[in-house]
Each structure stands twice: as C-alpha cells, then as structure tokens.
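Heads up: the structure comes next, in structure tokens.
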2 protein chains.
Amino acid sequence: MPENPPAARPGGRSARVRADMVAATLAELTEQGYDRLTVDAICTRAGVHKATAYRRWGGVDGLIADALASSADQPWPVPDTGDVDEDLRQLAHQVYAVFTDAELGATPIALINAALRSDAGAAALHAFFAARHGQAAVVAARGVERGQLPPGTDPVEVVRAATAPLYHRLFLTGEPLDARTADHAAAAALLAARAGLFEARPGTPVTG
Amino acid sequence: MPENPPAARPGGRSARVRADMVAATLAELTEQGYDRLTVDAICTRAGVHKATAYRRWGGVDGLIADALASSADQPWPVPDTGDVDEDLRQLAHQVYAVFTDAELGATPIALINAALRSDAGAAALHAFFAARHGQAAVVAARGVERGQLPPGTDPVEVVRAATAPLYHRLFLTGEPLDARTADHAAAAALLAARAGLFEARPGTPVTG
C-alpha cells in the first residue's frame, strides 16, 4: 500500500481505505463465505490496520453493511428504449443476469445473503433496495409521461413488482429461476399497472 | 417436566422432547432475539438435558431449522369459498395477518429472520416455502377445475405470486405493507394467471 496516495484518487485517504476494505470484504466473502469471514483476513488483504478497521466498521457485519451501501451508491444503467414494456423487461433481465451469472453472480449473491445475517446488514439491505427502486423508477415514470401507463401510477411500485419475483426466489424461497421468470415478472408488473393496481392513493405523493 | 409422560401424547418421548424444544426455541427467540439465543437457555426452559440437545440439533441454528420444519408440517387452513378470486384474496390476507399482528406476528417474523442467519436455517426456509406453496396450491387448482383460471395454469405459480410481494417486503426490502398490499398481490396474481403467464411449459408437469 503506497504511503502517499496518488493525488488523482478522489476523496483522499479515507475514501481510499474504504474502497480497499470494501473490495477486500467482497473478495474474502466470495472466497470464504460468511461463516469464515474475519476482519483480520480482510485487513491483511486490504493492507489496512486492524485497529482502523474495528474503529471504523466495528466488525465483519459493519463491513458487509458498508459494502452494500457502497454498491447502492454506484450508478446503475437504467434501460431507456422509449417503450416501457421493453424497458421493464430489460430491467428484470438485468437483475436476473447479475445474480445468475456463473462467474459474476457469486459476489452479489454472497453479499445479500451476508447482509441477512445481521441487523446492521439488514438495515443496509433495506437502504440498498430503496436506492435501487428509486434509481429504476424513472423507467416507469417515463412510461406514465408517454401515456403507456395510467396517470398517477406509482413508478416505484412498478419497478418493485417487475423485480421482486426474482429476489423472492433467490433469497427467500430458493426456488429455481430462469429467463422466463424475468420475462413474466416484467409482464405481470405491466398488467397490474395497466389495471390501476399501482395508482398512488388519493392524497399520497407519488414516490420515486 | 414430568418423569412419566402422559400416554395420550402422540409420538412418545422423542416427539415430546422435540415439541418442548421447539416451543422453548420460539419463546426464547421471540423474547431474546437471535443474537442472544443460547442452547442453554432453551434447554432450561424446555427441561431437556444440554447433551441431548447438542446431540440432536447441533446448536441454535439446528433448533431454528427444526422449529421451521415443525411449523411447515402443521396443517394450514386454506380458503375454499368456491371463488378463486376470493380464495386468493383471503390467502394473501392470511399471510398479511400472521406477520403483521402486533402480538402474534413477533414469533413468525423472528423465526424467518433467524432462519436467514445460517445455511441450515436457509435450507429449512426453502422447505417451508415449498410446503406452504404446495399446501395452498389447491386454491388455484380448484380455480382451474372450475374454469375460473386458464387450463394448464401452474397452481404453485399462482399462490407464489399472490403471497410473494408480502414476504418480499417483510424479509428483504423492509418496505411497509398494509392490507392493500395483500389485496393487490392477489389481484395481480389473478391478472397474470388469466393472461396465461403461469401456464406450465409444454412438456413440464404441472406442480402442486
């Protein structure tokens, strides 16, 4: 680890330590699994002092929560084809692709499962979903603007419905899923939206 | 704990020890939370020797997995009004009522969250959902028989869709839910089923 961080690195030393620790946490988690994850191994990998890590993150669960927060902060490319049906289909397929990729899927699956192992992780997971739903809601909001979905449709409800069946199977029921699951999740969300099931309640501000 | 179990108790001593340990696990979990749950406290409460408990369940996570297995085994009253729309609405409201009851909801919520804390618990949770979906599928199967849903509809897909939005919010996103969430989950499942989204694939046996 360089004593003098390059000036080009944004955020300074503190941001660099965080980025290194998040990367090391994800790598250790993927390789070792939650039950064998240790602050020591993460610090060794990141080249960060243990005292610094314990002071800043408290322990393994704090590191997992921060890795998820860091992931939630990252910009997420949202489909914008001009057609809300196709955008939602692509959105559901993005989630499907991320979590089922034989190589790339291991880390996000391990991260969400690890977040479910502690109260701190669960709180970070709730914030992660709120951020993702908020980012993706623009897909449904554009559909409403273009008249492809009913006026007053809550865009967050639409994107939640289009992706929830995938998360439900992956992290709660353990049921298998495939590309058809993603297609059907998006199609069902559109049917529900067009039937007015996602219209915001009178007097309730539309979220997203 | 009586030295001589009453003869009327079915299943003999082993079944009685299991029932006592499951009840004690649920009580301790609800009162103390997962992080403060100990085999010692559960055994004291159940009047069971620690050696017996460790030999049979391995530890806290084995007890949680068995409590969930015990819950999955219990018969679940499934609505049967003659109308699949009303049956599915009632089904979604049963799930909603169980988990949001101010008094009775604490234990099932704690149990599912605890199951997410270990690999053994997660496996038990997957079996729990499979059992629940299998039990409730009759609601949708009757709807198909009565011509209220398209022929070839997979009944498990229908009941999963009618309840998944509730579990998704309760255990993954932490988003609030209310009776309207249950109504909409059932209505959306019916829309999707009637649009043919849950028709079993050609050549795939219909489950449930």
Calculated label separations, B:Gly33, copies of the chain, 7 Å along the beta-carbon direction, nm | 2.7
Considering the options B:Ala67, B:Ala51, B:Tyr96, tell which one lies farthest towards the positive end of the dipole of the stretch B:44-96, charges being +1 on Lys and Arg and -1 on Asp and Glu at the Cβ, about the Cα centre.
-> B:Ala51
Förster radius 41 Å - calculated FRET efficiency between B:Gln74 and A:Asp73 (Cβ-Cβ, nearest 0.05) | 0.40
Residue-span extension gain [B:Ala19 to B:Ala200] - 0.36 nm each, minus C-alpha spacing = 61.3 nm
Cα-centre dipole for the stretch A:12-58 with unit charges at Cβ (Lys and Arg positive, Asp and Glu negative), debye to 20 = 340 debye
May I ask you to report, in nm to one decimal and beginning with the shortest, the distances from A:Asp183 to the same position in the other copies, taking label points 7 Å along Cα-to-Cβ?
-> 3.3
Take the alpha-carbon centre of the stretch B:166-195, take the same for the stretch A:102-127, and report the distance between them in whole Å.
-> 23 Å
Most fluctuating of B:Ser118, B:Ser70, B:Ser14 in the GNM of chain B (C-alpha, under 10 Å) is B:Ser14
Please list the non-local residues whose amide H lies under 5 Å from the amide H of B:Glu199, H modeled 1.01 Å from N, same-chain partners needing a gap of 5 or more.
-> B:Asp154
Computed label-point distance, nm, for sites A:Glu86 and A:Leu104 using a 7 Å Cα→Cβ extension = 2.1 nm
Hey, rough spin-label estimate for A:Asp178 and B:Arg180, points 7 angstrom out along Cα→Cβ, what's it come to in nanometres?
-> 3.8 nm
Can you give me the relative contact order of the stretch B:115-190 as a percent, contacts being Cα pairs under 8 Å and 6 or more apart?
-> 22 percent
Only Lys, Arg, Asp and Glu count, each charged at its Cβ (+1, +1, -1, -1), so figure out the dipole size of chain A about its Cα centre, rounded to 20 debye.
-> 600 debye
For B:161-168, mean number of other protein chain Cβ atoms within 10 Å = 5
Roughly how many Å² of A:Ile109 are accessible to a 1.4 Å probe, to the nearest 10?
-> 50 Å²
Using Cα pairs closer than 8 Å and at least 6 residues apart in sequence, work out the relative contact order for the stretch A:66-206, in percent.
-> 28 percent
Once both labels are modelled 7 Å past Cα along the beta-carbon direction, what's the B:Ala97-B:Arg55 spacing in nm?
-> 4.3 nm
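The values are calculated or read from the model by the stated rules, or taken from the named source; none is laboratory data. What you see is a predicted model, and the numbers here were worked out from it, not measured in a lab. Every residue, glycine as well, gets a Cβ built from its backbone with ideal geometry; the counts of neighbours run over all protein chains shown. These area figures cover heavy atoms from the full protein model, side chains too; ligands, DNA and RNA do not enter into them. Shrake-Rupley method; radii C 1.70, N 1.55, O 1.52, S 1.80 Å.
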